[in-house]
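What follows is calculated from the coordinates using simple rules that are stated; it is not laboratory data. Everything quoted here is computed from the prediction, not taken from an experiment. Cβ atoms come from the backbone with ideal geometry, glycine included; neighbour counts cover every protein chain shown.
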Amino acid sequence: MTAAGVTERSLIGRLPRVRGRLTANAPLAQFTWFRVGGPAEVMFRPADLDDLAQFLAQKPKGVPVTVLGVASNLLIRDGGVPGVVIRLGRGLVEIKVAGTDIEAGAGALDLNVSLTACEAGIAGLEFLSGIPGTVGGGLRMNAGAYGSEFKDALRSAVALDSEGRRHDLEPGEMDLSYRRCGLPEDWIFVAARFKGRRDAPEAIGRRMGEIQAEREASQPIRARTGGSTFANPQGFKAWELIDQAGCRGLARGGAMVSSMHANFLINTGNASAAELEGLGEEVRRRVKEKSGVTLHWEIRRIGMAEAGGAA
C-alpha cells in the first residue's frame, strides 16, 4: 500500500490519471438534500469537459458510473454507491447568453439559468426557477414545474456516451416525455441550449417572484427533503391520492410525509435512507389499496442497502 493508501487492486488504483480529483470512500450525504446515504466507492470531480471525456474513454470496462448534480431529487441508500460517482462541478457550470438563447453547462443550477435569462431580458425560462436542481439532472428526467418542462424550452443538448464520445442532440432525438428521457442511462449530459424570447427584465422578475412565493407557500422547501416524491399518474395528482389514503404526516423513524405537501418526504433530523425509502413504499402500498392507482417514484434511488438492513 502506498502512503496515500492506494493499492493496485483497489478501484481508485485502477482508474486513469485525471486533471480533476479522485477520492476513495467519499462521503455523499452532505451533498444530498435529504442529508442521508452512504459513501461513494470513488468520487471523481472532473476539471472540465475534456477531463470527463478522457476519463470515460480510459476507465476499465465494467466499472459502474453514477452522475451526481446537487442531489435535490435523489435518495442515496445507506450502503453507499459502488463504482465511480461523478460530481459535475466548476468545470461544467458556465452560463452564456447567445441572442435570445441561453447556453449552460450540465452542472449549472436551474435557478441560475433563469436568473441569467432574466438579467438579459430573455423570457420563457422562468419555470426553471421553480426546479431545485441542475441542467444535467433536468435533462435526464425532463424536469418540469409550473406548466412547463425542459423539452418545451430546449433547443439542443450535448451528451457523452459511456466511451466518452460526444453527441450533439436535437430535442426530437431524445425521446422526451413526462419525467423521462429515452437516451441510454449511461450517457452523461454535459450542456444544453435553451430558447427564449425578448421581454422586460422587470416583467420576467415578477413572474419568477410569483413562482418563488407559490413554492414557499405550498412546499416544505426549508426542510431536508428531495422534492416531489412520486410522479403524477395520468389523470391524477399524486398528493391528492396520498392525502386520500390518509398518509399526510405519516412517519417511520426520522422520516415523515410532509404535513404541508403530501408528495414530499422529509428527514426530520435523524432519518436513515432506509426509513425514507420504506416510508415511501408504505405510501405507495396505501395509495394502491385505497384508490387502485400505482404511484411511481420520481425521486431517483441509487446505491446499496446497508449490510443487514432492508433493501
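Compute the signed sum of charges (Lys and Arg +1, Asp and Glu -1) over the other residues within less than 13 Å, Cβ to Cβ, of Phe230.
Numbers: positive: Arg179, Lys237, Arg284, Arg285, Arg286, Lys288, Arg300, Arg301; negative: Glu240, Asp243, Glu277, Glu281, Glu282, Glu298.
Charge balance in the 13 Å sphere: +2.
Mind checking the alpha-carbon convex hull of region 11-90 and giving the volume per residue in Å³? Walk me through the intermediate numbers first.
Working: hull volume 6.8 nm³, N = 80.
Cα-based convex hull of region 11-90, divided per residue, equals 84 Å³.
Please give the FRET efficiency for Ser10 paired with Glu202, using the beta carbon to beta carbon distance and R0 = 41 Å, rounded to the nearest 0.05.
Working: r = 56 Å, r/R0 = 1.36.
It comes to 0.15.
Considering the Cα trace of region 93-217, what is its radius of gyration and what is Dmax, both in angstroms?
14.0, 45
Distance in nm between label sites at Ile221 and Glu163, each 7 Å beyond Cα in the beta-carbon direction?
4.4 nm
Distance cut-off 25 Å, Cα to Cα: go down the list Lys237/Lys290; Lys151/Lys237; Lys61/Lys151 and report the pairs above it. If you can, show how the numbers build up before the last one.
Numbers: Lys237/Lys290 14 Å; Lys151/Lys237 21 Å; Lys61/Lys151 33 Å.
Beyond 25 Å between Cα atoms: Lys61/Lys151.
Counting each DSSP H run of 4 or more residues in the chain as -39500 (n - 2.57), what helix-only mean residue ellipticity at 222 nm follows after dividing by all residues, to the nearest 500 deg cm²/dmol? It would help to have the intermediate numbers written out before the result.
Values: 8 runs with 79 residues, N = 311.
The per-residue figure over the chain is -7500 deg cm²/dmol.
First select every other residue whose beta carbon is under 11 angstrom from the beta carbon of Val18; then total the charges, Lys and Arg +1, Asp and Glu -1. It would help to have the intermediate numbers written out before the result.
Values: positive: Arg17, Arg19, Arg21, Arg45, Lys59; negative: Asp48, Asp50, Asp51.
The answer is +2.
If packing is taken as the average count of other Cβ atoms within 10 Å, what order do 122-135, 139-152 fall into, highest mean first?
On the way: 122-135: 24.9, 139-152: 19.9.
Final packing ranking: 122-135, 139-152.
Can you tell me, using C-alpha contacts under 8 Å and at least 6 residues apart, the relative contact order of the chain as a whole percent? Present the calculation step by step, with values, prior to reporting the outcome.
Numbers: 686 pairs, mean separation 54.3, N = 311.
Relative contact order comes out at 17 percent.
Packing-wise, with mean Cβ within 10 Å as the measure, how do 298-304, 260-266 rank, highest first? Provide the component values of the computation, followed by the final result.
Working: 298-304: 17.9, 260-266: 23.0.
Going from most to least packed, we get 260-266, 298-304.
Residues of region 79-102 with backbone nitrogen within less than 14 Å of a virtual label 7 Å along the Cα-to-Cβ line of Arg19, please, listed as ranges.
Only 90-92 fall inside the zone, counting backbone N under 14 Å.
Output the direction-averaged projected area (hull surface divided by four) of the convex hull of the alpha-carbon atoms of region 86-147, in nm². Each step should come with its number before you reach the end.
Numbers: hull surface 16.7 nm².
Dividing the Cα hull surface by four gives the mean projection, 4.2 nm².
What residues qualify as long-range amide H neighbours of Gly79, i.e. H under 5 Å apart, gap of 5 or more or another chain, H built at 1.01 Å from N?
Amide H neighbours of Gly79: Gly38, Met304, Ala305, Glu306.
May I have the extent of the alpha carbons of region 170-262 along their three principal axes, as whole Å values ordered from largest to smallest?
Result for region 170-262: principal-axis Cα extents of 44, 40, 28 Å.
Rounded to two decimals, what is the ratio between the C-alpha radius of gyration of the chain and 2.2 N^0.38 Å?
Working: Rg = 20.0 Å, N = 311, 2.2 N^0.38 = 19.5 Å.
With N residues counted in the chain, Rg over 2.2 N^0.38 Å equals 1.03.
What is the local net charge at Arg87, summed over the other residues whose Cβ is closer than 12 Å to its Cβ (Lys, Arg +1; Asp, Glu -1)?
Details: positive: Arg21, Arg45, Arg90; negative: none.
Taking every other residue near Arg87 into account, the sum is +3.
Provide the packing ranking of 25-34, 43-52, i.e. peptides ordered by the mean count of other C-beta atoms within 10 Å per residue, highest first.
On the way: 25-34: 18.1, 43-52: 19.8.
Result, highest mean first: 43-52, 25-34.
Considering just Cα atoms, how many Å³ per residue does the convex hull of region 194-311 enclose? The partial results should precede the final answer.
Details: hull volume 17.0 nm³, N = 118.
It comes to 144 Å³ per residue, whole-number rounded.
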